[in-house]
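Read the structure below first, then the notes.
The values are calculated or read from the model by the stated rules, or taken from the named source; none is laboratory data. Model, not experiment: these values are computed from the prediction. Positions of Cβ are backbone-derived with ideal geometry, glycine not excepted, and every protein chain shown enters the neighbour counts.
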Amino acid sequence: MAEPLVAASILSADLSRLGEELQALASAGADILHLDIMDGHFVPNLSFGLPLIKAVAGKTTLALDAHLMVTNPADYVKPFSELGVRYFSFHAETVWHSHRLIQDIRSKGMKAGIALNPGTPLTSLEDVLTELDFVLLMSVNPGFSGQSFIPSVLPKISRLKQMITDRDLNTLIQIDGGVTDQNARQLVSAGTDILVSASYIFNQPDYSLAVGKLKRCLQC
């Protein structure tokens, strides 16, 4: 079983010290920078948009992962690809023609993913799973950082992993919400490839220690 990738969500970062925070995350061993894009409509919160992402892209070499919690994700595909975003996920609940959007994302050189809320069934993926590079399973209801992990997502990860295995795919599983060193081992054992963490990392005085605990979770 491979060591998981760690995606640090800058939603919990000190944005007044953006350059320092990005440097600290790279030094800590984070693999990916997770960007939570919220529009105040699909989720009851606003986060940040293109100007901040452009600033982030200019200050890091870490892979950028855009999680679109918006009602119009298709509008972001071209500008995000031009900023060098590598991972692009949208919520299944927001798009009528998901196959078309997946193809557009991939045609722009990005990895395409679909995000599912805790209450959204895996059956919504059955006809598009073969087209996806990754699936983002929310383990909290989206919109705010610092929420508690929803345990019922664990069997959902296992079922998704079985769907991927049955189809002989290389689709990655990403988990976002309430991820800490206390549940990381269970998440990776269930089939998670990418652990997204926000408040757990940024609430620690030593980011290296926090990231290290997530990466080494299988040895705990």
**Asked** When only residues in segment 109-131 that are crowded, with 16+ Cβ neighbours inside 10 Å and among the small types (Gly, Ala, Ser) count, which is farthest from Asn141 (Cα to Cα)?
**Response** Ala112
**Request:** Scan segment 1-14 and report the pairs whose first residue is in contact (Cβ under 8 Å) with a residue 40 or more places away in the chain and closer than 14 Å to His34 by Cα and whose second residue is basic (Lys, Arg) and surrounded by fewer than 24 Cβ atoms within 10 Å (Cβ to Cβ), with Cβ atoms within less than 7 Å and a gap of 6+ or a chain change.
**Result:** Val6/Lys215
**Message:** I need the full set of residues from segment 16-59 which are closer than 23 Å to Asp133 by Cα and out of contact with any Lys or Arg (no Cβ under 9 Å at 6 or more places or on another chain), in order please.
**Reply:** Ala30, Leu33, His34, Leu35, Asp36, Ile37, Met38, Ile53, Ala57
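Look at segment 98-135 and say how many of its residues are basic (Lys, Arg) and over 17 Å from Asp75 (Cα atoms). So that I can check it myself, show each step before the final result.
Within segment 98-135, the subset basic (Lys, Arg) is 100, 106, 108, 111.
In the following step, the residues that additionally are over 17 Å from Asp75 (Cα atoms) were identified as none.
Count: 0.
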**Request:** Would you check which residues across segment 1-59 are out of contact with any helix residue (DSSP H, G or I) (no Cβ under 8 Å at 6 or more places or on another chain), of a type in the set (Lys, Arg) and farther than 19 Å from Ala74 by Cα and list them?
**Result:** Arg17
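From the list Phe48, Phe80, exactly one residue is in contact with a Phe, Trp or Tyr (Cβ under 7 Å, 6 or more places away or on another chain), farther than 21 Å from Pro118 by Cα and either free of Cβ contacts under 8 Å to residues at least 40 places away in the same chain or of a type in the set (D, E, K, R) (or both). Which is it? Step through it out loud before you land on a result.
Values: Phe48 fails: in contact with a Phe, Trp or Tyr (Cβ under 7 Å, 6 or more places away or on another chain).
None of the others qualify; the one that does is Phe80.
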**Message:** Any residue in segment 18-45 that is within 30 Å of Thr71 (Cβ to Cβ) sitting within a Cβ distance under 6 Å of a residue that is of a type in the set (Lys, Arg)? List the pairs, counting only those 6 or more apart or interchain.
**Reply:** Leu22/Lys59
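Yes or no, residue by residue, for (1) part of a loop (DSSP other than H, G, I, E, B); (2) closer than 17 Å to Phe90 by Cα:
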site: Val6; (1), (2): no, no
site: Leu18; (1), (2): no, no
site: Ala24; (1), (2): no, no
site: Ser27; (1), (2): no, no
site: Leu35; (1), (2): no, yes
site: Met38; (1), (2): no, yes
site: Pro44; (1), (2): yes, yes
site: Lys54; (1), (2): no, no
site: Thr60; (1), (2): yes, no
**Prompt:** If you check every pair at least six apart or on different chains, which have Cβ atoms under 9 Å apart with a residue in segment 150-177 that is on the phi > 0 side of the Ramachandran plot first and a residue that is at pLDDT below 95 and in a strand (DSSP E or B) second?
**Reply:** Gly177/Met138
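Determine whether segment 135-157 contains at least one residue that is over 30 Å from Ser98 (Cα atoms) and not charged (D, E, K, R). Even if it seems obvious, please write down each step before you answer.
Residues of segment 135-157 that are over 30 Å from Ser98 (Cα atoms), as a first pass: none.
Looking through segment 135-157, none of the residues is over 30 Å from Ser98 (Cα atoms) and not charged (D, E, K, R).
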**Prompt:** Do we find a residue being among the small types (Gly, Ala, Ser) and touching a Phe, Trp or Tyr at 6+ places or on another chain (Cβ under 9 Å) anywhere in segment 114-124?
**Reply:** yes
**Asked** So, in segment 151-206, of the ones that are polar (S, T, N, Q) and assigned to a strand (DSSP E or B), which residue ends up surrounded by the fewest Cβ atoms within 10 Å (Cβ to Cβ)?
**Response** Gln174
**Message:** Give me the residue from segment 165-212 that is in contact with a Phe, Trp or Tyr (Cβ under 9 Å, 6 or more places away or on another chain) and of a type in the set (D, E, K, R) and, out of that set, farthest from His34 (Cα to Cα).
**Reply:** Asp181
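Gln204 - would you say it is under 29 Å from Pro44 (Cβ atoms), among the polar types (S, T, N, Q), out of contact with any strand residue (DSSP E or B) (no Cβ under 7 Å at 6 or more places or on another chain) and at pLDDT below 95?
Numbers: under 29 Å from Pro44 (Cβ atoms): yes; among the polar types (S, T, N, Q): yes; out of contact with any strand residue (DSSP E or B) (no Cβ under 7 Å at 6 or more places or on another chain): yes; at pLDDT below 95: yes.
Yes: the conditions hold for Gln204.
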